[in-house]
Amino acid sequence: MAEPDASTVAFEERMPRRPLVLNNHSMAWISDRIAGIVQNKAPLWWWITISITGSFAAFGTFCMLYLLFTGVGVWGNNVPVGWAWDITNFVFWIGIGHAGTLISAILHLCRQKWRTSINRAAEAMTLFAVICAAIFPGIHVGRMWMAWFLAPIPNPNWIWPNFRSPLMWDVFAVSTYFTVSVLFWYLGLVPDLATMRDRAKVKVSRIVYGILAFGWRGGNRQWRHYEMAYLILAGISTPLVLSVHSTVSFDFATSVVPGWHTTIFPPYFVAGAIFGGFAMVLTLMLPARSLYKLQDVFTWDHIDVMCKLLLLTGSIVGYAYCMEFFVAFYGANPFERFAFLNRYFGPYWWASWTMFTCNVIMPQLFWVRAFRRNWAIVFFVSMCANAGMWFERFVIFVISLHRDFLPSAWRMYYPTWVDVFTFIGTIGIFLTLFLLFIRFLPMVAMSEVKGVLPEADPHYHPRTEPESESREEAHA
Amino acid sequence: MSAAAAERSVFGVIAEFPSATALFGAAEKVRDQGYRFWDVHSPFPIHGMNKAMGLGKSTLGYIIFCGGFTGFATAVLLEFIPSSYLYPLIVHGKPVNFFTVPPFLPIMFELTVLLSAFTAFFGVFLMNRLPRLHHPLFDFEPFKRVTNDAFFLAIEAVDPKFSEIGTREFLEEIGGQGVTVLYEND
């Protein structure tokens with residue numbers, strides 16, 4: 001084994017790597033703590049929370065059925081606001097669904113090892129968010145039984161869909177994104193399912209986890225292909241995750257509606273999606289971390305980097321808001337100018353300023369290190385980001401539509417109770433699925449966290465361990 | 001060896017190693033000894049183990065490329081056959097020809113990614129000959145810890161250099177603990 005050269009040693013001494021798992025925990029501790037969440041009895045708070053979220057989910061489902069049996073008239077949508085809360089919610093959830101695959105794919109390619117403690121939960125969150133998102137295009141068509149017209153097959157009159165339509169691209173983008181996210185998530189889950197199988201005390205769970213783990217043996221001949229598949233999936237998911245929200249933004253950018261017809265949309269939507277997704281990961285993981293005592297695995301260093309990402313993407317979003325405003329002024333198109341003045345000073349001014357405050361101003365708190373390491377502030381800012389990102393979509397869709405060209409066609413939009421409870425219902429579905437996930441599957445990728453421990457390195461030598469440093473110094 | 005065990009054919013010999021470092025060193029020695037049918041088992045992929053075992057890079061990438069290309073070709077056919085022949089649509093006054101390819105690209109991209117991902121997922125399991133319901137290694141009770149914190153090295157009896165006694169001694173010599181002979185499933 002080659003000795004590290006002097007410059008590396010000096011650098012390591014000046015800036016020692018911060019451990020990804022605190023308190024020098026062993027591998028067995030990681031398995032016990034994380035698999036224990038699934039194996040132990042469900043805590044009381046879990047039952048209370050899931051009964052609340054489950055009720056919301058049930059009522060949301062009732063609202064969807066009411067819509068199905070009555071028609072889209074039960075929503076507040078009108079002419080000209082044909083796309084309102086339905087598409088706002090769709091884009092909101094799709095945006096949330098960006099963090100998971102971003103963490104798994106882009107951070108994997110960048111060799112950001114801290115991703116290992118959050119990627120599983122974030123990926124699961126992605127899947128559930130995309131499920132919530134997929135509900136809305138399905139139900140907003142009104143006649144839900146016609147939703148199969150979205151598929152790339154001819155309808156009964158032998159009419160094929162238009163493959164050059166952004167709505168068609170959207171169908172492909174969202175369904176591909178969901179499928180690839182499921183495959184990526186499941187591939188990462190297989191070694192941990194094997195852990196669950198080997199730890200199972202009850203026969204039923206041994207059989208179920210055993211089947212789900214596909215007979216994984218952890219042999220290096222298996223890991224060899226596994227790692228290659230994981231790397232390539234990360235490689236192909238990277239353009240995919242950037243393309244999904246770009247494609248969603250094409251739905252708007254390729255139209256002629258003032259406020260939508262801008263080239264800045266794809267990067268601006270993607271930055272906003274990452275912002276909203278990371279905020280949701282923090283929203284879910286901060287309580288989970290405390291409730292399941294995962295502070296040593298999901299450390300303040302993890303929260304710190306995620307806050308920095310929120311700051312970065314929030315600032316990109318802020319730049320996009322300002323640039324949109326500037327281009328509307330500089331482009332000298334009277335309709336565009338009006339759309340942006342109306343956005344910030346029209347009847348929905350409060351929505352726009354809420355959006356701006358939550359998405360651009362609040363994340364600026366994270367310039368201060370103490371704020372990035374304060375539980376309450378991090379949670380508050382991520383809740384602001386969640387709300388702000390919903391308002392961003394509301395602002396873009398509803399405000400742009402409600403006053404487009406002819407003043408005689410202008411109309412205000414007001415949501416109905418069905419709108420409100422359908423949205424709250426999807427939050428219920430999302431949280432219920434997430435609670436079921438943390439109950440039945442390991443919420444932290446155990447095999448990956450073990451792989452970033454210092455002793456996982458085949459060239460690891462206890463000599464370089466922090467506590468033995470003093471001994472070395474004494475010797476010197 | 002008991003009489004019952006003698007009736008079953010030997011699967012191989014397994015040894016436990018105390019750490020990833022020890023397993024890595026042992027793998028290099030087994031490789032240098034010229035064994036071919038053997039594997040190391042660990043709770044996580046060990047960096048550099050492919051080289052220590054004398055294995056090359058996984059060929060899965062080439063298979064995934066084929067899958068991705070199939071997806072791309074599917075998208076080309078799926079888009080151009082209906083748009084040009086079955087139901088030609090003139091949108092924005094634009095015909096379907098080479099110059100109007102850009103609006104067809106998103107779907108080509110999506111299907112390329114989709115079929116690459118399917119190939120990657122199913123490829124990794126097919127190449128590992130999984131799923132399978134049972135394996136002789138699972139008969140070895142301590143092997144349950146391989147998904148927790150234990151490291152094992154198993155040499156299979158099909159290896160030409162394998163001999164029940166010789167291989168056993170060899171594994172003990174290179175630091176293997178609890179060396180055990182495993183038998184095939186009935």
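FYI, it's all coordinate maths here, none of it is from the lab. Quick caveat, the model's predicted, so the values are computed rather than measured. Reconstructed Cβ throughout: ideal geometry from the backbone, glycine too, with neighbour counts over all protein chains shown.
Can you bin the range A:44-104 into rounded, prolate or oblate? Criterion: square roots of the alpha carbon gyration tensor eigenvalues sorted a ≥ b ≥ c, rounded for a/c under 1.5, prolate for a/b above b/c, oblate for the rest.
The shape class here is oblate.
Report the convex hull volume per residue for the range B:1-157, counting only C-alpha atoms, in Å³.
184 Å³
Normalising by the residue count of chain B, find the relative contact order in percent from Cα pairs under 8 Å and 6+ residues apart.
Details: 230 pairs, mean separation 91.9, N = 186.
With pairs under 8 Å counted, the relative contact order is 49 percent.
Stick to the Cα atoms of the range A:168-266, pair each with every other, and give me the Kirkwood hydrodynamic radius in Å at one decimal.
Value: 16.2 Å, from the Cα pair sum.
Could you tell me the ratio Rg/Rh of the range B:14-92? Both radii from Cα atoms, Rh via Kirkwood.
On the way: Rg = 24.1 Å, Rh = 16.8 Å.
We get a ratio of 1.43 for the range B:14-92.
Excluding same-chain pairs closer than 8 in sequence, count the lysine pairs in chain A whose Cα atoms lie under 23 Å apart.
Within chain A, the lysine pair count is 9.
Averaging sequence separations of C-alpha pairs under 8 Å and six or more residues apart, then dividing by the length of the range A:172-302, give the relative contact order as a whole percent.
18 percent
For the protein assembly as shown, count all C-alpha to C-alpha pairs, find those more than 34 Å apart, and express that count as a whole percent of the total.
Counting pairs separated by more than 34 Å, the tail of P(r) holds 52 percent.
Tell me whether the range A:134-177 comes out rounded, prolate or oblate; compute the Cα gyration tensor, take square roots of the eigenvalues as a ≥ b ≥ c, and use a/c under 1.5 as the rounded threshold.
oblate
Calculate how steeply helix B:164-173 sits against the longest principal axis of the alpha-carbon atoms of chain B, using the helix alpha-carbon long axis, and give the answer as 0 to 90 degrees to the nearest 10.
90 degrees
What translational diffusion coefficient, to the nearest whole µm²/s, does the range A:1-142 have by Stokes-Einstein, given a Kirkwood radius computed over alpha-carbon pairs, a temperature of 4 °C and 1.567 mPa s viscosity?
In µm²/s, the coefficient rounds to 65.
Do the sum for the protein assembly as shown: with -39,500 (n - 2.57) for every DSSP H run of n ≥ 4, divided by all residues, what is the mean residue ellipticity at 222 nm, to the nearest 500 deg cm²/dmol?
Mean residue ellipticity at 222 nm (helix-derived): -19500 deg cm²/dmol.
In square nanometres and to one decimal, what's the mean projected area of the convex hull around the Cα atoms of the range B:69-124?
4.0 nm²
Let me see the pair-distance distribution of the range A:335-474: every alpha carbon pair, 5 Å bin width, integer percents in order.
Taking every Cα pair in the range A:335-474, the percentages come to 2, 8, 10, 10, 11, 12, 11, 9, 7, 6, 4, 3, 3, 2, 1, 0, 0, 0.
Once Rh for the range A:277-321 is found with the Kirkwood sum over Cα pairs, what is the Stokes-Einstein diffusion coefficient at 25 °C and 0.890 mPa s, in µm²/s?
For these conditions, the coefficient is 217 µm²/s.
Per 0.36 nm of contour for each residue apart, how much would the distance between A:PHE345 and A:ASN23 grow if the chain were fully extended, relative to their Cα-Cα spacing?
Residue separation times 0.36 nm, minus the Cα-Cα distance, leaves 110.6 nm.
For chain B: lysine pairs with Cα atoms under 23 Å, gap of 8 or more or different chains, count?
Working: B:LYS29/B:LYS51; B:LYS29/B:LYS57; B:LYS29/B:LYS161; B:LYS51/B:LYS161.
Close lysine pairs found across chain B: 4.
Mind listing the phi-derived Karplus ³J(HN,Hα) values for the range B:104-113, rounded to whole Hz, using 6.51, -1.76 and 1.60 with θ = phi - 60°, and x for any glycine or proline?
8, 5, x, 6, 4, 4, 4, 6, 4, 5
Which Cys residues of the protein assembly as shown have no other Cys Cβ less than 4.7 Å away and so no disulfide-compatible partner by this rule?
Isolated Cys, the protein assembly as shown: A:CYS63, A:CYS110, A:CYS132, A:CYS307, A:CYS322, B:CYS66.
When the expected Rg is taken as 2.2 N^0.38 Å, what fraction or multiple of it is the alpha-carbon Rg of the range A:257-371?
1.30
Within chain A, which complete DSSP H helices have Cα atoms spanning at least 24 Å along the helix axis and a mean Kyte-Doolittle hydropathy of 1.6 or higher?
A:417-440
Within 10 Å of each candidate Cβ there may be at most 10 other Cβ atoms; applying that plus a DSSP loop requirement, which trypsin sites (Lys or Arg not before Pro) in the range A:90-139 survive? Kindly include the intermediate steps, with their values, before the conclusion.
Values: sites: A:ARG111, A:LYS113, A:ARG115, A:ARG120; in loops: A:ARG111.
When the trypsin sites (Lys or Arg not before Pro) of the range A:90-139 are filtered for loop state and at most 10 Cβ neighbours within 10 Å, A:ARG111 remain.
With an 8 Å cut-off on Cα pairs and a minimum separation of 6 or more residues, tell me the relative contact order of chain A in percent.
Once normalised by length, the contact order is 30 percent.
Which whole-percent values make up P(r) of the range B:97-145 when all C-alpha to C-alpha distances are grouped in 10 Å steps starting at zero?
20, 25, 21, 15, 10, 7, 2
From the backbone phi of the range B:120-135, what are the Karplus-calculated ³J(HN,Hα) couplings (6.51 cos²θ - 1.76 cosθ + 1.60, θ = phi - 60°) in whole Hz, Gly and Pro given as x?
With the stated coefficients, the range B:120-135 comes to 4, 5, 6, x, 5, 7, 5, 5, 8, 6, 10, x, 9, 7, 9, 8 Hz.
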